[in-house]
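Comments concern the structure below.
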Amino acid sequence: PPQVTAEEIGSQVALEYGQAMTVRVCKADGETVPVVVVQNASVLELKKALRRHFQLRQARQGGVQHLSWKYIWRTYHLTYAGEKLADDRKKLREYGIRNRDEVSFIKKLRK
């Protein structure tokens, strides 16, 4: 991409040195988004990295500038191997998530 940020370069360097991992996030429409997080990242850090990824992508494509992440997290949750990533403070590795693993966006069922 033309406007690469220092943060993106830093995360690629961290990946090279094994200090970070790529988590592939599968959206409901079938698109898979690669997100880079540090090795001992929490669920909240994954959510923040996902948010940054979409903000950068939208800025580059000139699409909708504002997404309501409050709405997104109220409507969807992340799951891995059928388990909800419900605790934002829990580390990804506690859920068994490793480099290149896939996490899915699942629409929450209404109660």
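The values are calculated or read from the model by the stated rules, or taken from the named source; none is laboratory data. For clarity, every value in this text was computed on a predicted model and none was experimentally measured. Using ideal geometry, Cβ is built from the backbone for each residue, glycine included, and neighbour counts are taken over all protein chains shown. Each accessible area value is taken on the protein alone, full model and side chains, heavy atoms only, with ligands, DNA and RNA left out. Shrake-Rupley method; radii C 1.70, N 1.55, O 1.52, S 1.80 Å.
Using the structure shown, decide if Arg52 is outside any strand (DSSP E or B) and either in contact with a Ser or Thr (Cβ under 7 Å, 6 or more places away or on another chain) or open to solvent by 40 Å² or more (accessible area, probe 1.4 Å) (or both). Yes. Residue pairs whose Cβ atoms lie under 7 Å apart, separated by 6 or more positions or on different chains, with the first residue in the range 82-111 and part of a loop (DSSP other than H, G, I, E, B) and the second open to solvent by less than 80 Å² (accessible area, probe 1.4 Å) and polar (S, T, N, Q), are Leu85/Thr79; Asp88/Ser42; Arg89/Ser42; Lys90/Ser42; Asn99/Thr22; Arg100/Thr22; Lys108/Thr75.
Summed over the range 1-40, residues that are open to solvent by less than 40 Å² (accessible area, probe 1.4 Å), under 22 Å from Gly82 (Cβ atoms) and of a type in the set (A, V, I, L, M) total 6.
The condition of being touching a residue at least 12 places away in the same chain (Cβ under 8 Å), hydroxyl-bearing (Ser, Thr, Tyr) and either within 25 Å of Glu16 (Cβ to Cβ) or out of contact with any helix residue (DSSP H, G or I) (no Cβ under 6 Å at 6 or more places or on another chain) (or both) does not hold for Tyr71.
Among the residues making up the range 77-111, those that are over 22 Å from Leu15 (Cβ atoms) and open to solvent by 90 Å² or more (accessible area, probe 1.4 Å) are Ala81, Lys84, Arg89, Lys107, Leu109, Arg110, Lys111.
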